[in-house]
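The values are calculated or read from the model by the stated rules, or taken from the named source; none is laboratory data. Because the structure is a prediction, the values reported are computed rather than measured. Cβ sites come from the backbone with ideal geometry, for glycine too, and all protein chains shown count toward neighbours.
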């Protein structure tokens, strides 16, 4: 077994600890012990991360945990809208257990694809993108809304926010994306799709490949129409649709 495979398997085994934490919020300790077929001492060690299951056992535990715990629904419960239609995105950017689960979801969905870079837009997409980059062991690129001093050449994409007269631009140092790259694009929340489209154009204009697009939360239906061509051409995964 090569080093890369061993690392992937280790990360998969570590994911069980996070899934157990989520499952423990809706199931008693005894229920988990019965369903998973684990003695209380072993379950306790796994849940605390003191001991990791073997890769083979982790695969079996993953299947059982996914059967009894709807990860998407559990996360959706934490997303509460206010009267103006905005929601608290704390689980998406702050809660480490959920960040790890969301990043592992990306690893599962894009497994087998060639990824050399992860690209996101500042700022709320950075936490999960950082973890995904770590899992894939590739560099992270952050598109920002301003040019930083000390960098001469930038890739730039400008767009107008839907329903407003606001023009926005995203900038990426030109040297960070090469023709030989295969880039996984990540965004935290998509309502209309302009940011995702801008990120796709940045990569495409460099004639690099797009390994896929991963969105944590999509809201409404507008984005589906705006990103129709993007979705038809590239692998598109969203964790939660609201």
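Residues in the range 15-42 that are surrounded by 16 or more Cβ atoms within 10 Å (Cβ to Cβ) and either within 26 Å of the chain's Cα centre (by Cα) or assigned to a loop (DSSP other than H, G, I, E, B) (or both): 15, 16, 17, 18, 19, 20, 21, 22, 23, 27, 38.
Name the one entry in 71, 142, 160 that is buried (at least 16 other Cβ atoms within 10 Å of the Cβ), within 15 Å of residue 195 (Cα to Cα) and without any contact (Cβ under 8 Å) to a residue 60 or more places away in the chain. Only one candidate passes the filter, namely 142.
Only a single item in (1) farther than 27 Å from residue 5 by Cα; (2) in contact with a helix residue (DSSP H, G or I) (Cβ under 9 Å, 6 or more places away or on another chain) is not met by residue 41, and it is number (2). The criterion of at least 3 residues that are within 19 Å of residue 210 (Cα to Cα) and in the same structural domain as residue 36 (by TED's automatic domain parsing) is met by none of the helices (runs of 4 or more DSSP H) falling completely within the range 59-174. Considering the range 212-241 alone, what residues qualify as being in a loop (DSSP other than H, G, I, E, B) and either crowded, with 17+ Cβ neighbours inside 10 Å or not assigned by TED's automatic domain parsing to the domain that holds residue 109 (or both)? 219, 227, 234 - these are the residues of the range 212-241 that are in a loop (DSSP other than H, G, I, E, B) and either crowded, with 17+ Cβ neighbours inside 10 Å or not assigned by TED's automatic domain parsing to the domain that holds residue 109 (or both).
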